[in-house]
Amino acid sequence: MGRHEQREQLFKLLFRVEFNSPDDMPEQVKLFFQDDEIQYTEVAMEAIQGKFAGIQEKLSEIDGMLNEKAEGWNVARMGKVELTVLRIAVYEMIFDEDIPETVAINEAIEIAKQYGQSASGGFVNAVLAKFVNKQEM
């Protein structure tokens, strides 16, 4: 399973956060990895779980950053698909030194286009552009 597929599975797992209580999430994670349709390697499972735990740990901080950068929007008003994609991308851009910003942005846009509405990719791109370090441009 490549990184894109891992990120897509992370998106599906993190999406559950919006519909389950924090107390239910350990069971949801367990059920997620018991899916018979996908065979996870140990490496892929560890990568997905590690990034999921990291996002969970930084969730309020990430949401605060999104509220600050997304002018006219806040996380309560965002679509669940877009919010989940943005949380992953912001985590990768700010807290994961192994992922270049451009990769995080491109992957987020692709997942938003695949799972969201027609304007989701553009919305995600616009929000994430505000996180790009202007000194690198």
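Every test in (1) assigned to a helix (DSSP H, G or I); (2) within 22 Å of Ala119 (Cβ to Cβ); (3) among the aliphatic types (A, V, I, L, M) is passed by Ala76 save one, and that test is (1).
Would it be correct to say that Glu37 is open to solvent by 90 Å² or more (accessible area, probe 1.4 Å), modelled with pLDDT under 90 and either farther than 29 Å from Ala119 by Cβ or among the hydrophobic types (A, V, I, L, M, F, W, C) (or both)? Considered against the rule, which asks whether it is open to solvent by 90 Å² or more (accessible area, probe 1.4 Å), modelled with pLDDT under 90 and either farther than 29 Å from Ala119 by Cβ or among the hydrophobic types (A, V, I, L, M, F, W, C) (or both), Glu37 comes out as yes.
Within segment 50-70, can you find the residues that are in contact (Cβ under 8 Å) with a residue 24 or more places away in the chain and either in a loop (DSSP other than H, G, I, E, B) or of a type in the set (Gly, Ala, Ser) (or both)? Hits for segment 50-70 are Gly54, Ala70. Cβ-Cβ distances below 6 Å connect the following pairs, each with a first residue in segment 18-45 that is under 15 Å from Gln56 (Cβ atoms), a second residue that is open to solvent by 50 Å² or more (accessible area, probe 1.4 Å), and a separation of six or more residues or different chains: Glu18/Lys80; Gln28/Arg16.
The values are calculated or read from the model by the stated rules, or taken from the named source; none is laboratory data. Note that the structure is a prediction, hence the values are computed from the model and not measured. Using ideal geometry, Cβ is built from the backbone for each residue, glycine included, and neighbour counts are taken over all protein chains shown. Calculation scope for accessible area: heavy atoms of the full protein, side chains included, ligands and nucleic acids excluded. Shrake-Rupley method; radii C 1.70, N 1.55, O 1.52, S 1.80 Å.
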